[in-house]
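Inspection log for the structure reproduced underneath, given as structure tokens.
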Amino acid sequence: MRRRFTNLIVGFGLALGLVVHAQSQSKLAGLTYFPEGDAIVCENGTRWDNRPLYCHERFTLINAGEQPGLAGPMGRMYVAVARGETKLLLHQFQSRVARYRPGRMEWELSDARLPGLKARLIGTTLADADGFTARLWLEGVQAGDLAGWCIVPPGADKAAEFGMQREDNGFILDRVPAQKFAQIRGRFSKPVAKWEIVKFQGHDSLLTANSPVADRLEGEALVAWLPVVPGQPQSIAVVADDNDPRSYAALVRREGPLNPAAVADAAQAFDDGLARVERFSQQVVVNTPDPYFDNGVSASVAAAFGLFVNPCFVHGGSHWRGQMPGWRTMGAAFNYGFHEQVKRSVAFWGARQVKTNRGGIGGAYSPNGCQQAGNSRFFGLGFIDYQQPPHYDFQTQFFDEAVRAWRATADPELERVLVPMLELHLIRARECFDPDGDGLYESYNNTWPTDSVWFSGGGTVEQSAYIYYGHRAAADMQRRAGKSGAAAQHAVQADKIQRALDRTLWLARKGHYAAYIEQGGHRRVHENAWIYSQHLPVEAGMARPMQAWQAMYYTEWAMERFPFAFGGEMRQTSNWIPGQWSIRETYPGDNFAMALGYFMAGQGDDGWQLLRGTMLHSMYGDPQPMKGYGNERGEYGQRNYVSPGGLSHPNCGIDFNDITSSFGRAVVEGVFGYRPDYPNGLVRLQPAFPSAWPHASIRTPDFSLAFAQTNLTDTYRVTLLRAAKVQLRVPVRTTKIKSVRLAGKKANYRVEPWAGCAMLTVDVPETQDVSVAVELADRTAQAEPVVMTKRVGERVQLGLANDRKIKRVLDPQGSVVQPTISGGVVTARASEEPGHKLLMLEVAGDAPYYQPVKMLITDPDGEAARAAQSPRFAPSDARWECLDLRSVFNGDIRTIFQQQYRSPRPDTVSMRIGYDGWSAWTFTHWRIPLPEIKLDKVASLTGADGRLQTAANVPFLPPADGANIAFTSLWDNWPRSVTVPVNRRGEALWLMLCGSSNPMQLQIANAVLRFKYADGNVEALELVPPRNFWSLCRFGRLDYSYERESFVLPKDPPPQVQLGENCRAILCGWRLRPGVKLESVTLETLSPDVVIGLMGASVMNPGKL
């Protein structure tokens, strides 16, 4: 069966490949690398060690780079050529071309100092050992030419010592003094003519000084000179003992002597090593109009396999190469056909899942009050114990991928292992993260950017979506096992989660999912969501089409975007500031995941913008710094790794697994739309190609898909490794579908309107081969969104560029009122709710579609009125009465973070702010000190009249030692509100406020000021960071920054005065009703986790009518 499948897809794929590779694409400016043939290429590059090559299922990796050479735990290899008195290392050649293909690096070199000579070197890893191998071809050689193989032992730059044994065609190195498992053995394919020992002082020092050949190397390198024979290449193979670093091997560590047979025949070792990695080039073959994409996919295959270190997938490639079940670690593997490795990984972690409830029944907090510790239920039944500091709930994403891997194969062995694991995981999730049983689950450090993030027990979208998907899978598993009752229970729980999400966290009038709902306090929904809240319900199948389009549109208008000159873009993950790592980070893995959300929503053009921009930036070496790249030290504006084919982030290294897995999913499940469900005997195919592509094909071990446009016919050919029912959903852009043929015969089909085009569905009975031809009457373009800005209540007129008829308006956000349709025109008025809106015009016809309309409704008059009501500056000639608030003061601002904020803290398994009211969970681990709050600038701000002067021209009574603030908070330490008697008329009341806020309380009212008049009327002003309230000091190592976070911050910062180190007070002005006495002002805190207080109040122009 497999042979028949392979022959079919190879033949078809190669035929199409000849057409595609005949096309050429110019090099994109601003990138280091470019595609050429099947390689990623660099000309005259100077970087060393920037392309990891991964040993087979091992921790060990070999570093290659733009410069010719290899490096690993067994040492570093250089190659030289000697002709007479001229000796040149290959990296000293004047012309150097480096080509990366999956798992191997190739260099072509020449130099005028060696006339007629051309060198070609290929380096890769040994087939099944810790080591490297290389082969050198030399053309245009002359009699007497020599090739020098230079071996620098590890630690030579630090004068490391090795005992040396030389043989006719090899060497053995042993560490001195003797160490266990520290031997290195090398072999050449030809006998060595001459040995030299040279002092190692850097890349260019190897040919500068000779030492006598001895039996010991002390900070020296070994050079083996081999005669060059025309037409006969030379090979080297070097192997080291197995000796995994203890920092990696928390659970399984390989340690043992090397196998001399691995390098006994250097030529054979190279052939075997090359054959292993050449298979990666054929594992997944993509042909599209974009060779950057084609070669990028090919490169990612080697990364996906290299991230499997038997017996499990590891956290990272060049860095963070440790045994952890997360983040997203298997997404590329199961999409690329590495099912055996996935199965081993699932079994490995299954053996480490806790089978008894060794934890308690609720939460147990760490000494800082943030994390779970001790006997928390978190570590009990169902927990995957990865035996490292347990900061993260890795298993949320692990099980999501394990379920998808199971759906890709329906492997019975995998199912036997996974069923009990998933059951325990879902029990744990419910008891830990949905203790109130409302169907919404808290996220507890369950995704990559959750360093310094917490939800304080609140139900979130992302965890709810992950658990929903798990229950749907568990229902299928139990049904297959004949346990209908258990299956029904899982289905009921999944339905409950769906209802809760739609009812509570879907913001119908806003058109996107929220971030979370508060566990306590006022149980408010936080609307300021990050991107996980949007794309994960799409991935989980929870979002209806209109919801999916709106949710993904949110990531376009709400997130900061970084367009690239070379094409495409990237986006930020959140608007939570200050962006202490990793709260707000431009991250390739999440951009690939956003692209997948678009693709799954059938929006290929939008998804392609993200996928292509992120791919080019990461895989083709964008050397420019990026504002959105930060780190835990508070630095930002870093450069990404420049690595051919690298899936990288500055803090994560090259081929970080979460990035690699997200890319693989975006390619296979996204662009090519392959979504198998073999447990139900079904394969869904919904390709989301960019609308400009006339052809595209993919071949993996599991399926092939080839799409081609020929005149007015769209053809899709699908081949499956295993027979299944097929649901093919494809976009059609036409005014009329003339016919749909399945295997040459007329077929039944359905057509429905979709965003920008019609969507055609063909259901195919069980088969391995599908060929569908869609004949169109004509070709029309993808309907681009209509983009407009309107004021509230302004007349709106929407028409079509063609003569098609508008059938109805889909406007779930209430963007327009009283719409009327006349032919191809909609007339309405913009609603009174400002904001970004997405509505659809359903266009009738044989191929109906939705015309997207993206509308920004503004309210300039309302904004002007609000600005006038709350002025930023006072007139310089105003009169003032500064009120004495000592009767309501209850605290000292300098002690705000010296309290113990322990209640209310529900006893649930949650991540929370620290007991000090300031720290995120990461601050303890990163040794970020608590800020010392000072009032050391008060004296210099106080004038001769005894009043504190501010830049807003507003004076206040200066804060004194002791009680100097009226704190309010939902913490039991302080009252929830304070009321200050005023009993005065005036033009305006100005308040000096000071207190804490944090990124998890951004863009929601942290507190409210209520102005009560003598006639009983009350006016209110909400304090919403960062619009009109800022925390008194930095968060972690970062403060609000216009350099990095201007996208989130208001045009101008709120009026403020710096009272001292780490003590910023906010000034708030409020115009009073003319002639009416203001009785009092009340400050009430609304947000959990914050403390906000009143330090001063001044009446402007008191008594003025």
Handout entry: Per principal axis, descending, Cα span of the range 735-860 in whole Å
Key = 59, 28, 20
Handout entry: Sequence-distant residues sharing a close amide H with residue 62 (under 5 Å, placed H)
Key = 53, 54, 55
Problem - Using θ = phi - 60° and Karplus 6.51 cos²θ - 1.76 cosθ + 1.60, couplings along the range 806-816 (whole Hz; Gly, Pro as x) - result: 8, 8, 6, 10, 9, 9, x, 8, x, 5, 10
Exercise for the section: On a 0 to 90° scale, report how tilted helix 339-350 is relative to the longest principal axis of the chain, with both axes built from alpha carbons and the result rounded to the nearest 10. Expected result: 60
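Which ordering of 858, 460, 86 is given by a fewest-first count of other beta-carbon atoms within 10 Å? Show your work: numbers first, answer last.
On the way: 858 15, 460 29, 86 11.
Sorted ascending by nearby Cβ count, the order is 86, 858, 460.
Per DSSP H run of at least 4 residues, take -39500 (n - 2.57); add these up for the chain, divide by its residues and hand me the 222 nm value, nearest 500 deg cm²/dmol. Please report the intermediate quantities before stating the final value.
Values: 18 runs with 227 residues, N = 1105.
That calculation yields -6500 deg cm²/dmol at 222 nm.
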Handout entry: Top positive-direction residue, dipole computed over the range 691-783 with Cβ charges, set 734, 707, 768
Key = 734
Practice task
Work out the length of the dipole vector of the range 40-282 about its Cα centre, built from +1 on the beta-carbon of each Lys and Arg and -1 on the beta-carbon of each Asp and Glu, and round it to the nearest 20 debye.
Solution key: 280
Exercise for the section: Using the Kirkwood radius over Cα pairs, work out the Stokes-Einstein diffusion coefficient for the range 40-282 at 25 °C and 0.890 mPa s, in µm²/s as a whole number. Expected result: 137
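Placing +1 at every Lys and Arg Cβ and -1 at every Asp and Glu Cβ, with all other atoms neutral, what dipole size does the range 442-543 have around its Cα centre, in debye to the nearest 20?
On the way: 11 positive and 9 negative charges, 89 e Å.
Dipole about the Cα centre, nearest 20: 420 debye.
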Problem - Net +/- balance of residues flanking residue 621 in space, Cβ distance below 11 Å, scoring K and R +1, D and E -1 - result: +1
Problem - Cross-link pairs beyond the 22 Å C-alpha cut-off, checked among 510/854; 87/118; 934/1012 - result: 934/1012
Fill in the blank from the handout: The residues 313, 566, 689, sorted from fewest to most surrounding Cβ atoms within 10 Å, come out as 566, 689, 313
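Expressed as a rounded percentage, what relative contact order does the range 786-858 have, with Cα pairs under 8 Å and six or more residues apart?
Details: 169 pairs, mean separation 29.3, N = 73.
Relative CO of the range 786-858 lands at 40 percent.
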Problem - Partner lysines for residue 937 [C-alpha distance under 29 Å; skip if fewer than 8 residues away on the same chain] - result: 1051
Exercise for the section: Mind checking which of 192, 103, 221 is farthest towards the positive end of the range 40-282's charge dipole, using Cβ charges of +1 (Lys, Arg) and -1 (Asp, Glu) about the Cα centre? Expected result: 103
Handout entry: log₁₀ of I(q)/I(0) at q = 0.14, 0.17 Å⁻¹ - the range 912-994, Debye sum with one point per alpha carbon
Key = -0.76, -0.99
Handout entry: Estimated translational D of the range 955-1027 in µm²/s (Stokes, Kirkwood radius over Cα pairs; 4 °C; 1.567 mPa s)
Key = 89
Problem - Between the range 1001-1046 and the range 784-803, the alpha-carbon center distance in angstrom - result: 35
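In debye, nearest 20: dipole of the chain around its Cα centre with unit charges on the Cβ of K, R (+) and D, E (-)? Could the numbers behind the result be given before it?
Values: 118 positive and 112 negative charges, 359 e Å.
The dipole of the chain has a size of about 1720 debye.
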Problem - the range 396-548: relative contact order in percent, alpha carbon pairs under 8 Å with at least 6 residues between - result: 21
Practice task
Return P(r) of the chain (all Cα-Cα pairs; 20 Å bins starting at 0; whole %; ordered from short to long distances).
Solution key: 11, 36, 33, 16, 3, 0
Fill in the blank from the handout: Simple spin-label estimate for residue 142/residue 797, 7 Å along Cα→Cβ, in nm, reads 8.3
Practice task
Treat each spin label as a single point 7 Å out from the Cα along the C-beta direction, and report the residue 27 to residue 884 distance in nm.
Solution key: 7.8
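By average Cβ neighbour count within 10 Å, what is the ranking of 1016-1025, 61-70 from highest down?
Values: 1016-1025: 16.3, 61-70: 25.7.
Order by mean packing, descending: 61-70, 1016-1025.
So for the range 786-858, what percent of the C-alpha to C-alpha distances run longer than 21 Å? Provide the component values of the computation, followed by the final result.
Values: 481 of 2628 pairs.
Every Cα pair in the range 786-858 considered, those over 21 Å come to 18 percent.
R0 = 51 Å: FRET efficiency of residue 983 with residue 495, Cβ-based, nearest 0.05?
On the way: r = 57 Å, r/R0 = 1.12.
With a Förster radius of 51 Å, E is 0.35.
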Practice task
Would you list which aspartates and glutamates come within 16 Å of residue 807, measuring only between C-alpha atoms, while excluding same-chain residues fewer than 8 positions from it?
Solution key: 752, 842, 846
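Which whole-number percentage describes the relative contact order of the chain, with Cα contacts under 8 Å and a sequence gap of 6 or more? Intermediate results must be reported in sequence, preceding the final value.
Working: 2800 pairs, mean separation 98.0, N = 1105.
That works out to 9 percent.
So what is the diffusion coefficient of the range 730-772 in µm² per second by Stokes-Einstein at 25 °C and 0.890 mPa s, using a Kirkwood Rh over Cα pairs?
Values: Rh = 11.4 Å.
D, rounded to a whole number, is 216 µm²/s.
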Completion exercise
Among 851, 611, 86, the residue whose Cα sits farthest towards the positive end of the charge dipole of the chain, when +1 is placed on the Cβ of each Lys and Arg and -1 on the Cβ of each Asp and Glu, is 851
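Using 1/(1 + (r/R0)^6) with R0 = 22 angstrom and r between the beta carbons of residue 624 and residue 557, what's the FRET efficiency to the nearest 0.05? Provide the component values of the computation, followed by the final result.
Numbers: r = 25 Å, r/R0 = 1.14.
The formula returns an efficiency of 0.30 here.
What does the extension gain come out to for residue 275 and residue 232, with contour length at 0.36 nm per residue minus their alpha carbon separation? The partial results should precede the final answer.
On the way: separation 43, 0.36 × 43 = 15.48 nm, distance 1.94 nm.
This chain segment gains 13.5 nm when fully extended.
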Completion exercise
Between the modelled labels at residue 927 and residue 1017 (7 Å from Cα along Cα→Cβ) the distance in nm is 5.9
Exercise for the section: Give the angle, between 0 and 90 degrees and rounded to the nearest 10, that separates the Cα long axis of helix 412-433 from the longest principal axis of the Cα atoms of the chain. Expected result: 20
Completion exercise
With Cα coordinates, the longest principal axis of the chain makes an angle with the long axis of helix 266-283, in degrees rounded to 10, of 40
Completion exercise
Expressed in angstrom and ordered largest first, the alpha-carbon extents of the range 49-88 along the principal axes are 44, 19, 13
Problem - Spatial separation of Cα centroids for the range 442-463 and the range 615-640, in angstrom - result: 25
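Can you put 820, 555 in order, fewest other beta carbons within 10 Å first? Kindly include the intermediate steps, with their values, before the conclusion.
Details: 820 9, 555 26.
Exposure proxy ranking, most exposed first: 820, 555.
With the alpha-carbon atoms as the only input, what is the per residue convex hull volume for the range 688-745 in Å³?
Values: hull volume 6.0 nm³, N = 58.
Looking at the range 688-745, the number lands at 104 Å³ per residue.
Based on the mean of other beta carbon atoms within 10 Å per residue, what is the order of 337-343, 621-627, 860-866, most packed first? Present the calculation step by step, with values, prior to reporting the outcome.
Working: 337-343: 20.9, 621-627: 16.6, 860-866: 11.1.
Ranked by mean Cβ neighbours within 10 Å, highest first: 337-343, 621-627, 860-866.
Rule-based calculations on the coordinates, nothing more; no lab input. This is a predicted model, so every value here is computed, not measured. Please note: Cβ atoms are built from the backbone with ideal geometry, for glycine as well, and neighbour counts cover all protein chains shown.
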